[in-house]
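Asker: Below you will find the structure I want to go over with you.
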């Protein structure tokens, strides 16, 4: 079902993401979209810190779409976990996932998501930061989560909507949906601006 706010949207929205969670958010918001994927290597300079990393990567993903037409609006995004001046990306193995969760256990980290909106005429980037504090995990809890849920496609090796989030999130400062991978309130507000409704 298309939201009435997007029935006469002036662009065809292209979502440059294979993430099922992001696609589901678009559906729940009533935003009409088409998924179009391009292979982009998610690498960045070590000189980049904090929000600079997902902003750079969201823009980098957009550069792969050289075939945009004047009627299309491309949306690309990237999420990182920022902890002790280091970006925690996706774990490559169960061992690496366990190591990440042991590091995050009992501590506060930031989840930063950047969203890049690109047309052939302009580019707008927004970002959001959420602070997440975990309870202390014991080895059995981490082992159970990693083996059962295999969180290898998630930054920081966890999904807040998963079992580990249900038992472990002590406090949250900011957008819950940003931690899931998309600051939906910023997405909505920015699209309304493109539609001339804000």
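The values are calculated or read from the model by the stated rules, or taken from the named source; none is laboratory data. Model, not experiment: these values are computed from the prediction. Cβ: placed from backbone, ideal geometry, glycine included. Neighbour counts: every protein chain shown.
Condition check ((1) touching a residue at least 40 places away in the same chain (Cβ under 8 Å); (2) outside any strand (DSSP E or B); (3) under 29 Å from residue 23 (Cα atoms)) across all residues:
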| site | (1), (2), (3) |
| --- | --- |
| 98 | yes, yes, yes |
| 102 | yes, yes, no |
| 106 | no, yes, no |
| 111 | yes, no, yes |
| 125 | yes, no, yes |
| 128 | yes, no, yes |
| 137 | no, yes, no |
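Asker: What residue, among those in region 50-67 that are farther than 13 Å from residue 115 by Cβ and in contact with a strand residue (DSSP E or B) (Cβ under 6 Å, 6 or more places away or on another chain), is surrounded by the most Cβ atoms within 10 Å (Cβ to Cβ)?
Answerer: 53
Asker: Might you check whether a residue that is over 29 Å from residue 167 (Cβ atoms) and buried (at least 16 other Cβ atoms within 10 Å of the Cβ) occurs anywhere in region 16-25?
Answerer: yes
Asker: Give just the number: which of (1) under 23 Å from residue 175 (Cβ atoms); (2) at pLDDT below 95; (3) surrounded by 12 or more Cβ atoms within 10 Å (Cβ to Cβ) does residue 74 not satisfy?
Answerer: Against the list (1) under 23 Å from residue 175 (Cβ atoms); (2) at pLDDT below 95; (3) surrounded by 12 or more Cβ atoms within 10 Å (Cβ to Cβ), residue 74 comes up short only on (2).
Asker: Applying the selection to region 88-101, what residues are in contact with a helix residue (DSSP H, G or I) (Cβ under 6 Å, 6 or more places away or on another chain) and buried (at least 20 other Cβ atoms within 10 Å of the Cβ)?
Answerer: 88, 91, 97, 101
Asker: Taking helices (runs of 4 or more DSSP H) that fall entirely within region 140-198, which contain at least 1 residues that are touching a residue at least 24 places away in the same chain (Cβ under 8 Å), surrounded by fewer than 15 Cβ atoms within 10 Å (Cβ to Cβ) and in contact with a helix residue (DSSP H, G or I) (Cβ under 9 Å, 6 or more places away or on another chain)?
Answerer: In region 140-198, the matching helices (runs of 4 or more DSSP H) lie at 163-168, 184-194.
Asker: Against the condition surrounded by 14 or more Cβ atoms within 10 Å (Cβ to Cβ), under 19 Å from the mean Cα position of the chain (by Cα), in contact (Cβ under 8 Å) with a residue 40 or more places away in the chain and part of a loop (DSSP other than H, G, I, E, B), how does residue 31 come out, does it pass?
Answerer: Considered against the rule, which asks whether it is surrounded by 14 or more Cβ atoms within 10 Å (Cβ to Cβ), under 19 Å from the mean Cα position of the chain (by Cα), in contact (Cβ under 8 Å) with a residue 40 or more places away in the chain and part of a loop (DSSP other than H, G, I, E, B), residue 31 comes out as yes.
Asker: Could you list, in sequence order, all residues of region 36-90 that are assigned to a strand (DSSP E or B), closer than 25 Å to residue 122 by Cβ and more than 16 Å from the chain's Cα centre (by Cα)?
Answerer: Selection gives 72, 73.
Asker: While we're looking at this one, here's another question. Identify the residue in region 6-26 that is within 11 Å of residue 75 (Cβ to Cβ) and in a loop (DSSP other than H, G, I, E, B) and, among all such residues, is modelled with the lowest pLDDT.
Answerer: 17
Asker: Against the condition under 19 Å from the mean Cα position of the chain (by Cα), over 30 Å from residue 12 (Cβ atoms) and buried (at least 21 other Cβ atoms within 10 Å of the Cβ), how does residue 104 come out, does it pass?
Answerer: Here the answer is yes, as residue 104 does meet what is asked.
Asker: Tell me the residue from 44, 83, 117 that is crowded, with 21+ Cβ neighbours inside 10 Å and either in contact with a helix residue (DSSP H, G or I) (Cβ under 8 Å, 6 or more places away or on another chain) or modelled with pLDDT under 95 (or both), please.
Answerer: 117
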